[in-house]
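Engineer: Got a structure here, written out as structure tokens. Questions coming.
The values are calculated or read from the model by the stated rules, or taken from the named source; none is laboratory data. This one's a predicted model, so the numbers in the text were calculated from it and none came from an experiment. Please note: Cβ atoms are built from the backbone with ideal geometry, for glycine as well, and neighbour counts cover all protein chains shown. Heavy atoms of the whole protein, side chains included, go into the accessibility calculation; ligands, DNA and RNA do not. Shrake-Rupley method; radii C 1.70, N 1.55, O 1.52, S 1.80 Å.
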Amino acid sequence: MTLTAFAVSILTNAAIASEGSFWFPPQASTTASTVDWVYYFIYWISVFFTVMITAAAIYFCVKFRSKKTAPAAAAAHNTALEIVWTVVPGVLCVFIFYFGLTGYMDTKTAPDDSYEIHVTGQKWNWTFTYPNGAVAGELHVPVHRPVRLIMTSNDVIHSFFIPAFRTKQDVVPGRYSEEWFEANEVGEFQVFCTEYCGTSHSAMLTKTFVHEQSDFDEWLHKAGDIHEGHTPAEAGEILTKQRGCLVCHSLDGSRKTGPSWQGIWGRNENLSDGSNVKVEENYIRQSILQPQSQIVAGYPGSMPTYQGQLKDKDITAIIEYLKTLR
Ligand code: CUA
């Protein structure tokens, strides 16, 4: 963006809708323009008064700078001035309160006909569960349709933030929180975790994919049963991406929060209790269901359990996939 375009976008708030501005990503949801409007309203009021007050301060510093001139007369009460500087900020505050409150209520109250998706946060990935039982590690939604996210956490507090939709909400263990949006354009939008949640907080990223309704239906059908039309190893590879395994495990031998999967099959691992184990089917199965029971030496052992989240069929598929990384 050129400097001129940048200036214009700030002044008019117009270019933001499609391509974003210096400050903001695109306005990709129905509520984003209101949020930005309130933001810029407060922003320009702040700029206006900062400039005015600073200029006045400098002017008075210069005007009354030395003892050569007579000292300024002591300020007397001025009713007109008192009224102006009470009423003007008062009216501005009422405006800000009104637009802030109505905008906030809009972004907090999901329409009744919203499409519902369950979101689970855990260290350090997001899982999305759809009405047909499909599970994904990335959020897929239809365009021009309100979507309500019902969110909870398996461990600590996370926060689900989609900047392009201007929507953010804490995700808390032991209870449900929610947020909603209606995407107004097809595309790919970044998701962040915005509550510090441990070592790999900054890697707790995913994407939101906004599809046309027909493309979304097709995606949802396919995601409903990933075993259909795939070999177990292929299904396993899809599962490891969906469930966020690669946030902590690398495929290229590089060191992350968990042991690398490069050449993992058949490897001998030294465990933190001093024992030694060969990586085979039962070791992998146990590591997925009871990760704390056998921690590889030198790693934090922070992996959450997938008990109740992965079916036996899924675990078998992941095992077959790991075999292909020999
Ligand atoms: Cu999850 Cu930060």
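Engineer: Determine the pairs where a residue that is in contact (Cβ under 8 Å) with a residue 40 or more places away in the chain and within 15 Å of residue 98 (Cα to Cα), located within the stretch 26-46, has a partner that is of a type in the set (Val, Ile, Thr) and outside any helix (DSSP H, G or I) with Cβ atoms under 9 Å apart, the partner being 6 or more residues away or on another chain.
Structural biologist: Cβ pairs passing all conditions: 35/167.
Engineer: If we keep just the residues of the stretch 185-200 that are open to solvent by 40 Å² or more (accessible area, probe 1.4 Å) and under 27 Å from residue 248 (Cα atoms), which is farthest from the ligand (Cβ to nearest atom)?
Structural biologist: The extreme case among them is 188.
Engineer: Here's a follow-up. Conditions first: (1) in a strand (DSSP E or B); (2) open to solvent by less than 50 Å² (accessible area, probe 1.4 Å). Residue 155 passes all but one, so which condition is the exception?
Structural biologist: The single condition residue 155 does not satisfy is (1).
Engineer: To continue, here is another question. Looking only at the stretch 164-200, which residues are part of a loop (DSSP other than H, G, I, E, B), within 15 Å of the chain's Cα centre (by Cα) and farther than 22 Å from residue 104 by Cα? Break it down stepwise before answering.
Structural biologist: Going residue by residue through the stretch 164-200, those that are part of a loop (DSSP other than H, G, I, E, B) are 166, 172, 174-176, 184-186, 194-200.
Now narrow it down to the ones that are within 15 Å of the chain's Cα centre (by Cα): 166, 172, 194-197, 200.
Correct list: 196, 197, 200.
Engineer: Here is a further query. Does residue 182 satisfy being farther than 21 Å from residue 241 by Cβ, of a type in the set (Asp, Glu), within 15 Å of the ligand (Cβ to nearest atom) and buried (at least 18 other Cβ atoms within 10 Å of the Cβ)?
Structural biologist: Working: farther than 21 Å from residue 241 by Cβ: yes; of a type in the set (Asp, Glu): yes; within 15 Å of the ligand (Cβ to nearest atom): no; buried (at least 18 other Cβ atoms within 10 Å of the Cβ): yes.
So residue 182 does not fit the description; no.
Engineer: Filter the stretch 126-138 down to the residues that are in contact with a Lys or Arg (Cβ under 7 Å, 6 or more places away or on another chain) and within 15 Å of the ligand (Cβ to nearest atom) and list them by number. I'd like the intermediate steps shown before the answer.
Structural biologist: So the first thing to find is which residues in the stretch 126-138 are in contact with a Lys or Arg (Cβ under 7 Å, 6 or more places away or on another chain), and the list is 127, 137-138.
Passing the criteria: 127, 137.
Engineer: Something else: Take the stretch 99-152 and flag every residue that is part of a loop (DSSP other than H, G, I, E, B), open to solvent by 30 Å² or more (accessible area, probe 1.4 Å) and under 22 Å from residue 200 (Cβ atoms). Talk me through it step by step, then tell me what you get.
Structural biologist: Residues of the stretch 99-152 that are part of a loop (DSSP other than H, G, I, E, B), as a first pass: 109-114, 123-124, 130-134, 137-138, 143-145.
Then keep just the ones that are open to solvent by 30 Å² or more (accessible area, probe 1.4 Å); that gives 109, 111-113, 123, 131-133, 138, 144-145.
Of everything in the stretch 99-152, those that are part of a loop (DSSP other than H, G, I, E, B), open to solvent by 30 Å² or more (accessible area, probe 1.4 Å) and under 22 Å from residue 200 (Cβ atoms) turn out to be 123, 138.
Engineer: State which residue is nearest to the ligand (Cβ to nearest atom) when the search covers only the stretch 205-225 and only residues that are out of contact with any His (no Cβ under 7 Å at 6 or more places or on another chain) and open to solvent by less than 20 Å² (accessible area, probe 1.4 Å).
Structural biologist: 206
Engineer: Next up: Take the stretch 258-277 and flag every residue that is touching a Gly at 6+ places or on another chain (Cβ under 9 Å), surrounded by 13 or more Cβ atoms within 10 Å (Cβ to Cβ) and more than 24 Å from residue 313 (Cα to Cα).
Structural biologist: 272
Engineer: Name the residues in the stretch 278-302 that are in contact with a helix residue (DSSP H, G or I) (Cβ under 7 Å, 6 or more places away or on another chain), within 20 Å of residue 238 (Cβ to Cβ) and open to solvent by less than 60 Å² (accessible area, probe 1.4 Å), would you? Step through it out loud before you land on a result.
Structural biologist: Applying the first criterion (in contact with a helix residue (DSSP H, G or I) (Cβ under 7 Å, 6 or more places away or on another chain)) to the stretch 278-302 yields 281, 284-286, 288, 293-294, 301.
Those left that are additionally within 20 Å of residue 238 (Cβ to Cβ): 281, 284-285, 288.
Of everything in the stretch 278-302, those that are in contact with a helix residue (DSSP H, G or I) (Cβ under 7 Å, 6 or more places away or on another chain), within 20 Å of residue 238 (Cβ to Cβ) and open to solvent by less than 60 Å² (accessible area, probe 1.4 Å) turn out to be 284, 288.
Engineer: Looking only at the stretch 201-240, which residues are in contact (Cβ under 8 Å) with a residue 40 or more places away in the chain, assigned to a helix (DSSP H, G or I) and among the aliphatic types (A, V, I, L, M)?
Structural biologist: Residues satisfying the conditions are 203, 220, 223, 233, 235, 239.
Engineer: Kindly evaluate residue 63 against the criterion of being in contact (Cβ under 8 Å) with a residue 40 or more places away in the chain and either aromatic (Phe, Trp, Tyr) or open to solvent by 50 Å² or more (accessible area, probe 1.4 Å) (or both).
Structural biologist: Numbers: in contact (Cβ under 8 Å) with a residue 40 or more places away in the chain: no; either aromatic (Phe, Trp, Tyr) or open to solvent by 50 Å² or more (accessible area, probe 1.4 Å) (or both): yes.
It is false that residue 63 is in contact (Cβ under 8 Å) with a residue 40 or more places away in the chain and either aromatic (Phe, Trp, Tyr) or open to solvent by 50 Å² or more (accessible area, probe 1.4 Å) (or both).
Engineer: Which ones in the stretch 314-326 are open to solvent by 80 Å² or more (accessible area, probe 1.4 Å) and at pLDDT 85 or above? So that I can check it myself, show each step before the final result.
Structural biologist: As a first pass, look at the stretch 314-326 and keep what is open to solvent by 80 Å² or more (accessible area, probe 1.4 Å): 324, 326.
Passing the criteria: only 324.
Engineer: Right, something else. List the number of the failed condition for residue 119; all other conditions in (1) of a type in the set (Val, Ile, Thr); (2) in contact with a Ser or Thr (Cβ under 9 Å, 6 or more places away or on another chain); (3) farther than 17 Å from residue 210 by Cα; (4) within 16 Å of the ligand (Cβ to nearest atom) hold.
Structural biologist: (3)
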